[in-house]
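Novice: There's a structure below that I have some questions on.
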Amino acid sequence: MLKARLRYDDLAEFLFDIRTTITMEKIEHKIISVNGLNMHVAELGQGPLVLFIHGFPELWYSWRHQMVFMAARGYRAVAPDMRGYGDTTGAPLDDPSKFTLIHLVGDLILLLDAIAPNEDKVFVVGHDWGAIVAWHLCLYRPDRIKALVNLSVAFHPWNPEMSPVEKFRSLYGDDHYICRFQEPGDIEADFEKIGFKEVLKNLFAFRTPGPLYFPKGKGFGYSADRAPWLTEEELDYYVSKFEQSGFTGGVNYYRALGLSWELNAPWCGAQVKVPTKFMIGELDLTYHVPGSKDYIHKGGFKKFVPLLEDVVVLEGAAHFVNQERPDEINEHIYAFLKQF
């Protein structure tokens, strides 16, 4: 009986993988002229639009599981390669000042105007840097958003005392990844020595519930096994796209943090007033920044996101939760969005 059960489970998983592969092949890929960019957009399904916003070091592809799931339930899943990433071209990589949150939100507003001119409001799902962009999309233009699901990075109000870069420098020193990312060309040179595949493999496999460091000239200081939730074929897809685009576009988001902080002064004390669900992995490095757990669970987060309806901490999960635990994340997203 046990052997028969195992064979049945293996067959069910095999058939699910086949259905997913077939559905993935139905994803449409378009290039849309947006805000001076040629933005690559992946799209699947018909119905209310769900805009998926990826983070670092990711691509539209990071949302492959969610796109298939939501399209099968009557939604139009749309996931762009963000400015500086993948097959989206036209961003001035040598000018980090063109990668502020104002630019990134502008890209998405103009994308929505182009692909959904008749939808006043859409759903948004973000992860990592995509979550930061999504928070600010909702902060700047709440009139365009029905509801938000954000993963891994909570909303933090504008801090008049210091920029985020200086905050992390004061907490962790100059070897912290955000600080190492500041000098143009510096971290790219280190990554080139390590190799694109090794860099991506190690970043995706990072599960330490604490800060990520890149001591100058020393790289990671370790070589991780490939994350079990990532197949060799999936990793190779990421590698091929980053070999094509390089890391500078994604790293420029960090280099523009100080300028974004300056530009966000008008939103000092402002709230994100969009219905919101937030999810984070128990082992996520952002969850273990000093003060984060208290802020998320003891009222600070809710003060600045007053329509925050739910916070979910996924036990045993790390940073890339939408890929590590796609089934749970999919169900959470669907359960929340179908209310609206």
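Novice: Quick check on the range 160-222: what does the Kirkwood estimate of hydrodynamic radius come out to from the alpha carbon pairs, in Å?
Specialist: Here the Kirkwood hydrodynamic radius works out to 12.5 Å.
Novice: Give me the dipole magnitude in Debye, nearest 20, for the range 212-307 about the Cα centre, with unit charges on the beta carbon: positive for Lys and Arg, negative for Asp and Glu.
Specialist: 660 debye
Novice: A further question follows. What three numbers, in Å, describe the spread of the alpha carbons of the range 190-297 along their principal axes, ordered from the longest?
Specialist: Dimensions of the range 190-297 along the principal axes of its Cα atoms: 43, 30, 28 Å.
Novice: Please report, in debye to the nearest 20, how large the charge dipole of the range 149-254 is about its Cα centre when each Lys and Arg carries +1 at its beta carbon and each Asp and Glu carries -1 there.
Specialist: That gives the range 149-254 a dipole magnitude of about 240 debye.
Novice: Could you compute Rg(Cα) / (2.2 N^0.38 Å) for the range 54-208, with N its residue count?
Specialist: Here the answer is 1.13, to two decimals.
Novice: Among VAL311, TYR75, PRO164, pick out the residue whose Cα is farthest towards the positive end of the charge dipole of the chain, where Lys and Arg carry +1 and Asp and Glu carry -1 on C-beta, about the Cα centre.
Specialist: So the residue furthest toward the plus end is VAL311.
Novice: If I model a spin label as a point 7 Å beyond the Cα along the Cα-Cβ vector, how far apart are those points for THR231 and GLN339 in nm?
Specialist: The modelled label-to-label distance comes out at 3.5 nm.
Novice: Could you let me know the centre-to-centre spacing of the range 51-105 and the range 161-210, using Cα atoms, in angstrom?
Specialist: Cα centroid to Cα centroid, the span is 21 Å.
Novice: Quick check on packing: order 252-259, 110-117 by the mean number of other C-beta atoms within 10 Å, highest mean leading.
Specialist: Those peptides, ordered most packed to least, come out 252-259, 110-117.
Novice: So, with a 1.4 angstrom probe, what is the percent of accessible area on the range 174-296 that is carbon and sulfur?
Specialist: Accessible surface attributable to carbon and sulfur in the range 174-296 totals 53 percent.
Novice: Then there is this: May I ask for log10 I(q)/I(0) of the chain at q = 0.08 Å⁻¹, from a Debye sum over the Cα atoms as equal point scatterers with solvent left out?
Specialist: Per q value, in the given order, log10 I(q)/I(0) is -0.36.
Novice: Reported to two decimal places, what Rg/Rh ratio describes the range 17-132 when computed on Cα atoms with Rh from the Kirkwood expression?
Specialist: We get a ratio of 0.96 for the range 17-132.
Novice: Next question. Consider just the alpha-carbon atoms of the range 105-168 and return their Rg together with their Dmax, both in angstrom.
Specialist: That works out to 13.3, 42 Å for Rg and Dmax.
Novice: In the range 217-257, how does Rg compare with the Kirkwood Rh, expressed as the Rg/Rh ratio over alpha carbon atoms?
Specialist: 1.05
Novice: Still on this structure: Placing unit charges on C-beta atoms (Lys and Arg positive, Asp and Glu negative, everything else neutral), compute the dipole magnitude of the chain about its Cα centre in debye, rounded to 20.
Specialist: Charge dipole, the chain, about its Cα centre: 820 debye, nearest 20.
Novice: Determine the per residue accessible area of the chain with all protein chains present and a 1.4 angstrom probe, expressed in square angstrom.
Specialist: Result: 44 Å² per residue.
Novice: Work out how much length CYS268 to HIS29 would gain on full extension: take 0.36 nm times their residue separation and subtract the Cα-Cα distance, in nm to one decimal.
Specialist: That pair, CYS268 and HIS29, stretches by 82.2 nm at full extension.
The values are calculated or read from the model by the stated rules, or taken from the named source; none is laboratory data. Since this is a predicted model, take the numbers as computed values, not measurements. In this analysis, Cβ positions are derived from the backbone assuming ideal geometry, glycine residues included, and neighbour counts consider all displayed protein chains. Just the protein is used for accessible areas: all its heavy atoms, side chains included, with ligands, DNA and RNA removed. Shrake-Rupley method; radii C 1.70, N 1.55, O 1.52, S 1.80 Å.
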